[in-house]
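Q: Below you will find the structure I want to go over with you.
The values are calculated or read from the model by the stated rules, or taken from the named source; none is laboratory data. Remember, predicted model here, so these are calculated numbers, not experimental data. Ideal geometry is used to build each Cβ from the backbone, glycine not excepted, and the neighbour counts take in all protein chains shown.
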Amino acid sequence: MKHYLYLILQLGRREVLSRYRGTMMGIFWSFLSPIVMLVVYTFVFSVVFKARWGVGGDDKTAFAVNLFAGIIVHGFFAECVSRSPSLMLQYVSYVKRVVFPLWILPPVVVVSALFHTFVSVVVLLVAHAVLYGFVHWQAVFLPVLLLPLILVVLGFSWLLAALGVFIRDISQIMPVIITVLMFMAPVFYPVSALPEAYQGWLYLNPLTPAIEGVRGLLLHGQFPDASLYAIYLALSALWAVLGWAFFERARKGFADVL
């Protein structure tokens, strides 16, 4: 198992480096992009639209940092599931190798996306320190908080990577689904903005607990409810196992199709 973990980390590292290979600023782009987006969000929503986060809010920058936190979570999910349907097509040479463990390819994409998520989180924390003068110490527990989301994404990545081999239309459908999930999750608004009767339905979106948890932890220093976290973790683990099982079952037919 250690060998597989090492291989996943090395391939993930190569994924990150290859994205910026040949550019003048190299990996610095991974830091510059979220910085630019956070500045744009802050200006547009606090100056142009004068938006406030929640009812009666008077903090001009609260909308920007809350929005950015939601976009970080959604961006991680979107990067993984948008690439997964075409993953086997991208690595056809690996599919032809009988001894290569194909199941590690979706985790490689997840590792690569986690790097960019980490960079965005650092940018958010630095912005919070600049704007408010401190960073909540609870932020060190972010990896634990994100574990259920990582498992959810792994499940989707394995499932979509397998389906993408047989149903090529999935690659065209995913951008629409990703956009729908973004608006049906509390990215641009807090859960409390919805009527109470609809708030529970919002939690059917697997991104909602992660977005609310990240905001609570990083921006308010609040831990999620232990029982809700346990349920989210258990369901996420089950989904990851089901996704992996489907991938392994479908893997036998990859070489015939590709």
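Q: Residues of segment 214-237 being surrounded by 13 or more Cβ atoms within 10 Å (Cβ to Cβ), among the small types (Gly, Ala, Ser) and out of contact with any Pro (no Cβ under 6 Å at 6 or more places or on another chain), which ones?
A: Gly216, Gly221, Ala237, listed by residue number.
Q: For segment 89-102: of the residues being crowded, with 16+ Cβ neighbours inside 10 Å and within 15 Å of Arg249 (Cα to Cα), which is modelled with the lowest pLDDT?
A: If we take residues in segment 89-102 being crowded, with 16+ Cβ neighbours inside 10 Å and within 15 Å of Arg249 (Cα to Cα), then Val95 is modelled with the lowest pLDDT.
Q: Do we find that Phe63 is closer than 25 Å to Pro186 by Cα, modelled with pLDDT of 75 or more, part of a helix (DSSP H, G or I) and among the hydrophobic types (A, V, I, L, M, F, W, C) in this structure?
A: Yes: the conditions hold for Phe63.
Q: Something else now. Suppose we filter Gly75, Gly164 for residues that are small (Gly, Ala, Ser) and out of contact with any Leu (no Cβ under 9 Å at 6 or more places or on another chain); which single one remains?
A: Gly75
Q: Then there is this: How many residues are under 18 Å from the mean Cα position of the chain (by Cα) and either among the polar types (S, T, N, Q) or exposed (fewer than 14 other Cβ atoms within 10 Å of the Cβ) (or both) if we restrict to segment 178-206?
A: 5
Q: Restricting attention to segment 37-58, does a residue exist that is surrounded by 15 or more Cβ atoms within 10 Å (Cβ to Cβ), at pLDDT 80 or above, touching a Pro at 6+ places or on another chain (Cβ under 7 Å) and closer than 19 Å to Phe183 by Cβ?
A: No, the conditions are met nowhere in segment 37-58.
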